[in-house]
Amino acid sequence: MIGTAETTAAAGTVDVGIDDAELATLTRTMVDAAQRIAGARRLAEAMTHVVTGAVCAVPGIEAAGIAVRERDGSLVSRAHSTETAARLDRAQLTLLEGPCIDAITGRSSVLLPDARIETRWPRFVPQAVRFGMRASLSVRLAAVTTPVGSLNLHATGRALDNDVTRARTQWYAVIYGTVAALALSGADRVENLERGVASRDVIGQAKGILMNRYGVEADEAFDRLRRASQHANIKLIDVAAWVVAKRAL
């Protein structure tokens, strides 16, 4: 038997009991999930693959969602496998409390084993119970290029009732979350590259229009775009897109 995971129970570290056959199955599942996530053309599509894959990969989990801290500091729900998962994530983001919030702000994984007796997060837990959630686990998603977020896994059954099932679920979830974060980083990098190429193309078109219309060199055409951007407090790419649409500045 291999693999251990730390639980919140007094027992501390619990053997999760993963044999070679189960480990092989887990490996195939993780590879398949990573390929689907990294192969997505857009980050939003990749996040959808993450939540649907989580329900298949992590035992006892019935719904999953992703919440992220955007670059401007705002917290948003970006993907969910069910409407219940979306409601649970939105409730935590609105109340600014719950396993999701604790994971985003720094903890690697946060477990809510039984909502019926949970005393932490006193505003969120009653809402979670009304939504039908019994247990929840949030795993921090952090990679080099993606916004920091959390993968939020929810169960309505008895998946997290004892030390062994909690340890197994948490062990699977942390591994899946690590794989998902790395794959999301790849999808995010591809999207950023495509966005950069598209932006340069639009700016190049705008420069060409200004050069032809006003008889100026490329550097002067770019300076006109830059000055218009600064004067109007509008992104350079948006000014360039306006020029392309209107054929003038």
Original post:
Using a 1.4 angstrom probe and counting only protein chains, how large is the accessible area of residue 97 in Å², to 10?
Top reply: 30 Å²
**OP:** Using the heavy atoms of the protein chains and a 1.4 angstrom probe, tell me the accessible area per residue for segment 18-70 in square angstrom.
**Re:** 46 Å²
Original post:
Using θ = phi - 60° and the Karplus curve 6.51 cos²θ - 1.76 cosθ + 1.60, what whole-Hz ³J(HN,Hα) does each residue of segment 209-223 get, with Gly and Pro shown as x?
Top reply: 5, 5, 4, 6, 6, 10, x, 10, 7, 4, 5, 5, 4, 5, 4
Original post:
Quick one: with all protein chains in place, what share of the accessible area of segment 20-116 is carbon or sulfur, to the nearest percent (1.4 Å probe)?
Top reply: 52 percent
Original post:
Which far-off residues, 5 or more places away or on another chain, put their amide H under 5 Å from the one on residue 107, with H placed in the peptide plane?
Top reply: none
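The values are calculated or read from the model by the stated rules, or taken from the named source; none is laboratory data. Not measured: the values here are computed from a predicted model. We work out accessible area using only protein heavy atoms, side chains counted, and drop any ligands, DNA or RNA first. Shrake-Rupley method; radii C 1.70, N 1.55, O 1.52, S 1.80 Å.
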